[in-house]
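The values are calculated or read from the model by the stated rules, or taken from the named source; none is laboratory data. All values reported here derive from a predicted model rather than from experimental measurement. For neighbour counting, all protein chains shown are included, and Cβ atoms are generated from backbone atoms with ideal geometry for every residue, glycine included. All accessible areas refer to the heavy atoms of the entire protein, side chains included, with ligands and DNA or RNA removed. Shrake-Rupley method; radii C 1.70, N 1.55, O 1.52, S 1.80 Å.
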Amino acid sequence: MAEKEISQAVIGRLPRYFRYLGELKDQGVERISSQELSGIMNVTASQIRQDFNNFGGFGQQGYGYNVEYLYQEIGRILGLDKTHHLIIVGAGNLGQALANYMNFARRGFIFTGIFDVNPVICGRKIRGIEVRPMEEMPEFVRRNNVDIAVLTIPKSEAIRVAGQLAAVGIKAIWNFAHVDLEVPDTVQVENVHLSDSLMKLSYMLESYEQENGLAQQRR
């Protein structure tokens, strides 16, 4: 793969490519052109070719892409050819929902531990995993080769806990707390703001209604 900066927009499309290619593979499709993939994904064929050219192209002119090969290569680029061990910090409703989502395990993301400060919750099991007190987190991370932590805690605690996670060797944080984390550059952070996503949807709805003269009807 070429040693160059890949834009966040391209990186953001890779999981969609992987998902759609997986569906095509399951349907028995062996080859697909950029034009055919464009029709399925609502991304222009030119954009698809440009995205793939960032990683070497994968196809032959006029021959299209081998679906199985492309699926495997994009999975490799995304790091899905490896197993990642995750912990969840925060065993509330969101933390429990994430722990119970089976597709993570199918993609190689294995939840190995769940932690919380609430003694009432500690000791309970979520999908067979016991909720442990936060004091046990540092030793658990070291002992179980955990590389990713999922933060589903209030933002008032998130910065402090992120610092603890970085100190014990966590390499990446999936952050659901609505706060910017202060961690070393060696720790990768993906912020997930659910309310931002909902507001984006609201904007899209408002724009559509304005374009079609429907906004006043809703008010």
(request) Let me know the charge dipole size of the range 89-192 about its Cα centre in debye, to the nearest 20, where only the beta-carbon of Lys, Arg (+1) and Asp, Glu (-1) is charged. (result) 440 debye
(request) Give me the net charge of Arg19's neighbourhood, meaning all other residues with Cβ under 14 Å from the Cβ of Arg19; Lys, Arg count +1, Asp, Glu -1. (result) +3
(request) Just need the relative contact order of the chain here, percent rounded to a whole number, with Cα pairs under 8 Å and 6+ apart. (result) 13 percent
(message) If amide hydrogens are placed 1.01 Å from N in the peptide plane, which non-local residues have theirs closer than 5 Å to the one on Phe111?
(response) Leu86
(request) Let me have the relative contact order for the range 144-219, percent, based on Cα pairs under 8 Å that are six or more residues apart. (result) 26 percent
(message) Between Asp196 and Thr83, what is 0.36 nm times their sequence separation minus the Cα-Cα distance? Round to one decimal in nm.
(response) 37.7 nm
(request) With the Cα gyration tensor of the chain in hand, give its eigenvalues times 5 under a square root as the equivalent ellipsoid semi-axes, listed largest first in whole angstrom. (result) 35, 25, 17
(message) Leaving out ligands and nucleic acids, and using a 1.4 Å probe, what accessible area per residue does the chain come to in Å²?
(response) 61 Å²
(request) Determine which lysines satisfy two conditions relative to Lys171: a Cα distance under 24 Å, and not lying fewer than 8 residues away in the same chain. (result) Lys4, Lys82, Lys155
(request) May I ask you to give the percent of accessible area on the chain that is carbon plus sulfur, with a probe radius of 1.4 Å? (result) 49 percent
(request) Considering only Leu198, Leu21, Leu70, give the residue with the highest GNM mean-square fluctuation for the chain, with springs between Cα atoms whenever their separation is below 10 Å. (result) Leu198
(message) Restricting to Cα pairs below 8 Å that are 6+ residues apart, what does the relative contact order work out to for the range 21-119? Please round to a whole percent.
(response) 25 percent
(request) Using the Karplus curve 6.51 cos²θ - 1.76 cosθ + 1.60 with θ = phi - 60°, work out ³J(HN,Hα) for each residue of the range 97-111 in order, rounded to whole Hz, and write x for Gly and Pro. (result) 4, 5, 5, 8, 7, 5, 5, 4, 5, 5, 8, x, 9, 9, 6
(message) Once you order the gyration tensor axes a ≥ b ≥ c over the Cα atoms, which shape class does the range 93-168 get: rounded for a/c under 1.5, otherwise prolate or oblate by comparing a/b with b/c?
(response) rounded
(request) Pull out a ≥ b ≥ c, the square roots of the eigenvalues of the alpha-carbon gyration tensor of the range 1-96, then state rounded if a/c is under 1.5, prolate if not and a/b is larger than b/c, and oblate in the remaining case. (result) prolate
(request) Count the net charge of all other residues whose Cβ sits under 10 Å from the Cβ of Val29, scoring Lys and Arg as +1 and Asp and Glu as -1. (result) -3
(message) Quick check on packing: order 22-28, 12-18, 157-163 by the mean number of other C-beta atoms within 10 Å, highest mean leading.
(response) 157-163, 12-18, 22-28
(request) Provide the gained length on full extension for the span Tyr69 to Ser33, in nm with one decimal, where the gain is 0.36 nm per separating residue minus the Cα-Cα distance. (result) 11.6 nm
(request) Give me the aspartates and glutamates in straight-line cross-link reach of Lys125: C-alpha distance below 18 Å, same-chain residues under 8 apart excluded. (result) Asp116, Glu135, Glu136
(request) Could I have the simple spin-label model distance between Gln210 and Gln188, label points 7 Å from Cα toward Cβ, reported in nm to one decimal? (result) 3.6 nm
